[in-house]
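Asker: Dropping a structure here in structure tokens format, bear with me for questions.
The values are calculated or read from the model by the stated rules, or taken from the named source; none is laboratory data. Bear in mind the structure is a predicted one, so any value in this text is a computation, not a measurement. Ideal geometry is used to build each Cβ from the backbone, glycine not excepted, and the neighbour counts take in all protein chains shown. These accessible areas exclude ligands, DNA and RNA; they are computed on the full protein's heavy atoms, side chains included. Shrake-Rupley method; radii C 1.70, N 1.55, O 1.52, S 1.80 Å.
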Amino acid sequence: VVLAMHAALQALQLVLVQRLYGFLYGIRQHTLHQGRTQHVLTELHVHNLLRVQRMSIPLVAIALYPCNIEFLRMRLAQCRATETPHEIEQRLQGAVQEMALLLRYRKYFNLVVEVSAHTEAQVPQAVVEFLRPLLEKENLL
């Protein structure tokens, strides 16, 4: 099974592959390297963020994280409503570790935004305002 999975990943030319919650996530190598000449929007786990930074690919790293686990539990259960209670608990266990990593490697992010019930509606605007100078410089806004 492991060899078959490895062959499939190579065939798809996936890099920065990570297993999360029983699924494999990755990014196609050509998409990652497009980031040298084009803007690419993707989601990276903290460890993969560090790997991309070592590759010298231009990067703007923005982290969004929940104010606490109870807020995340509420978002997963009520707003998203796509996982079973067991899957939510698995995600919450992983989230505790991910939040600790994010805070440990906070200096590698250009922007870190804590999301709460009070700030949630303002998060998109905060991110756009942060990106505005870059977007204007590139004539993308």
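Asker: Any idea what the relative contact order of the chain is, in percent, if you count C-alpha pairs under 8 Å spaced at least 6 apart?
Answerer: This gives 20 percent for the chain.
Asker: Indicate the gyration tensor shape class of the range 63-141 (rounded, prolate or oblate), computed on the Cα atoms with a ≥ b ≥ c the square roots of the eigenvalues: a/c under 1.5 is rounded; otherwise a/b larger than b/c is prolate and the rest oblate.
Answerer: prolate
Asker: Taking a probe of 1.4 Å, how large is the accessible area per residue of the range 63-105, in Å²?
Answerer: I get 64 Å² per residue for the range 63-105.
Asker: What is the percent carbon and sulfur in the accessible area of the chain, measuring with a 1.4 Å probe over the protein chains and ignoring ligands? Spell out each step's value before the answer.
Answerer: Numbers: 5520 of 9870 Å².
Here it works out to 56 percent.
Asker: So if we plug the beta-carbon distance of ASN139 and ASN110 into 1/(1 + (r/R0)^6) with R0 = 22 Å, what FRET efficiency do we get, rounded to 0.05?
Answerer: The formula returns an efficiency of 0.60 here.
Asker: Per the Debye formula with a single identical scatterer at each Cα and no solvent contribution, what log10 I(q)/I(0) holds for the chain at q = 0.09, 0.14, 0.17, 0.19 Å⁻¹?
Answerer: -0.35, -0.84, -1.17, -1.33
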